[in-house]
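The block underneath contains the structure these notes are about, expressed in C-alpha cells.
Values quoted throughout were computed directly from the atomic coordinates according to the rules given, and no laboratory measurement underlies them. Worth saying up front: this structure is predicted, and the values here are computed from it rather than measured. Virtual Cβ from ideal backbone geometry, glycine too; neighbours counted across all protein chains shown.
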Amino acid sequence: MTPEQLLQESDLCVKCGLCLPHCPTYRIRQDEGDSPRGRIALIQGVLSGQLVSTPQLHAHLNRCLGCRACERACPSAVKYSKLIDGIRAVSTQQGDSIERWVRKIALKLVSKPQLLAIGMGLLQYLPLHHLQKIRGRKLQRLIGFGLNIHRSIVWQATYPPIGEKVGRVALFLGCISQFSDQAALLSAIRVLNCLGWEVVIPPKQSCCGALYQHAGDPVAADKFQAQNKMAFGDLPVAAILTIASGCGAHIKEYENFPVASYDVSDFLNQQPWPAQVRLKPLPQQVIVHDACSLRTADTVYQLLGQIPEVELTSLPENSLCCGAGGINLVTEPQMADALLAAKLARLQTSKATILLTSNTSCALHFAAGIRKAGLNIEVLHPIQLLERQLLDNDHPTG
Ligand code: SF4
Ligand code: SF4
C-alpha cells in the first residue's frame, strides 16, 4: 500500500474502541498508544505529517504482536494488519537506532536458523561463567530460541504412500520449523502416507516471507514469495500443506499462487478417514492453544476428536495472543512473558499433561514457560498427537 492508500484505510477507523478489549498489548499496558485505535491514530498522525516520528511512537507500533484480534472485532472492517505492515515498511529507518538493529539482527537470525545454529555452536566455546553473565533479556531469549534449533535432516524428495495411493501433496518445511519442528513434519508425512497420500518436498522452497512482511520489508517478502512460486508452482499436486500456522496464513495470501495451500489439520479434516487406519484410545485431558494464525472453525478439535476417549479442552481466553507473534518473542520479551504468565496460570489449574498448538513460535514460547514453571505438560503439534495414536502402520524414514 502507498502512504496515500494507508491514510485512506486508516480513515475507515471510527474510533469506536470496540477492538480495545480484544487487544493483548492494551490489556497488559492499559495505554491508548498500545491499543489498535491508538496505533491507528499514530499512523494517521505520521502519514499526515501532524506527528513527528519519535522512538516512543515507534515503540508503540513495534509492540503490536500482529495477532489481528482487533481486525476480527472491528465492525468497520478496518484492515489493521495492512496498516501496521504498511507503516513499518514506510518507516523502517525511523525510531530508536539500537532497537532497529536489534530487530534487524533478530529477524535475520530467526528466519535463517542456519546462522543461529552457527552462533550457538560458537557460544559453546564460551566458558559457562561468561554465559551466565548474559543479562539482556532479548539476548537470553535469542539464545533460548537457538537451543531449540536441531541439526538439519536430509529430506527425501518423495515419501510414498502406504497402501493404495489416493493422491499427491507437497509439504512446506518452513525456515524455522524445519529445524525446530522436525518431529511435527515427520508426523505429518507419516499420517499422510498412512491415509494414502504421496508427499513430495520440493528442495528449492524457501522461507514463506511472513516475518519480513510483518517487520516492514515487503521487498524481501516478495522475493521469498517468488522463490516459492518457482519451487511449488508447476508441481502436479492436490495441495501444498503447512504445519506452522503462521507460515500457512501468509502463504494463503500469496497473489496468484497456482496451488491451493492448507494447514495440515484443515486438509486432513476434509479427507475421508479410511476404516483400516485406526487410532488408539487416549483417556486423558488434552488442552488446545488456538494460534492467532489458525482460527478456522474447530479444525483441530474435529480432527483430534476422532481419537477415542480423548477429552479435548480449549485453553481459557484462547482468543488472546500468547505473546509469541512475529519476532516479538525475541524483541518484546517482557510483553511476551506477561501474556504467557496468564496462560500458564490457567494451565497450572488444569489436569492436562499435553498442550497442543499449531504454530512454531507459540510452541517454543509455551515450552520454555512450562519448563521454567516446572509443569509436567508436553507441548505437541496436533499432527504429532494424531501420529502417536495411529495403530499398526509403518514409519517413513526421515
Ligand atoms: S473497532 Fe475498528 S473502527 Fe473501532 S476503534 Fe477499533 S479499529 Fe477503529
Ligand atoms: S494486531 Fe493484536 S496486538 Fe496489534 S493492535 Fe491488533 S489486537 Fe493489538
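Per-structure values
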item: Distant-in-sequence amide H partners of residue 263 (H built 1.01 Å from N, under 5 Å); result: 242
item: Ranked by how many other beta carbons lie within 10 Å on average, peptides 242-255, 329-342 from highest; result: 242-255, 329-342
item: Residues whose placed amide H lies under 5 Å from that of residue 314, excluding near-sequence neighbours; result: 288
item: Proximal aspartates and glutamates relative to residue 343, as straight alpha-carbon distance under 14 Å, when same-chain residues fewer than 8 apart are discounted; result: 290, 317
item: Karplus 3J(HN,Hα) series, Hz, for region 205-222 with 6.51 cos²θ - 1.76 cosθ + 1.60 (x for Gly, Pro); result: 5, 10, 3, 6, x, 4, 4, 5, 4, 7, 9, x, 10, x, 5, 5, 4, 5
item: Cα-based reach from residue 229 at 14 Å (exclusive), listing aspartates and glutamates while leaving out same-chain residues under 8 positions away; result: 253, 255
item: Dipole magnitude (debye, nearest 20) for region 3-90, charges at Cβ of Lys, Arg, Asp, Glu; result: 260 debye
item: Cα-Cα over 28 Å, subset of 82/223; 82/372; 223/372; result: 82/372; 223/372
item: Under-5 Å amide H pairs with residue 354, H placed in peptide plane, nonlocal only; result: 287, 378
item: Using alpha carbons only: equivalent-ellipsoid semi-axes of region 159-296, gyration tensor based, whole Å; result: 27, 19, 12
item: Cα pair distances in region 3-90, grouped into 10 Å bins until the bin that holds the longest one, percent each; result: 19, 58, 23, 0
item: Cα gyration tensor shape of region 1-51, rounded if a/c is under 1.5, else prolate or oblate by comparing a/b with b/c; result: prolate
item: Rg to Rh, two decimals, where region 285-388 supplies the alpha carbon set and Rh follows Kirkwood; result: 0.94
item: Positive dipole terminus of region 241-355, leading residue within 352, 272, 258 (C-beta point charges); result: 352
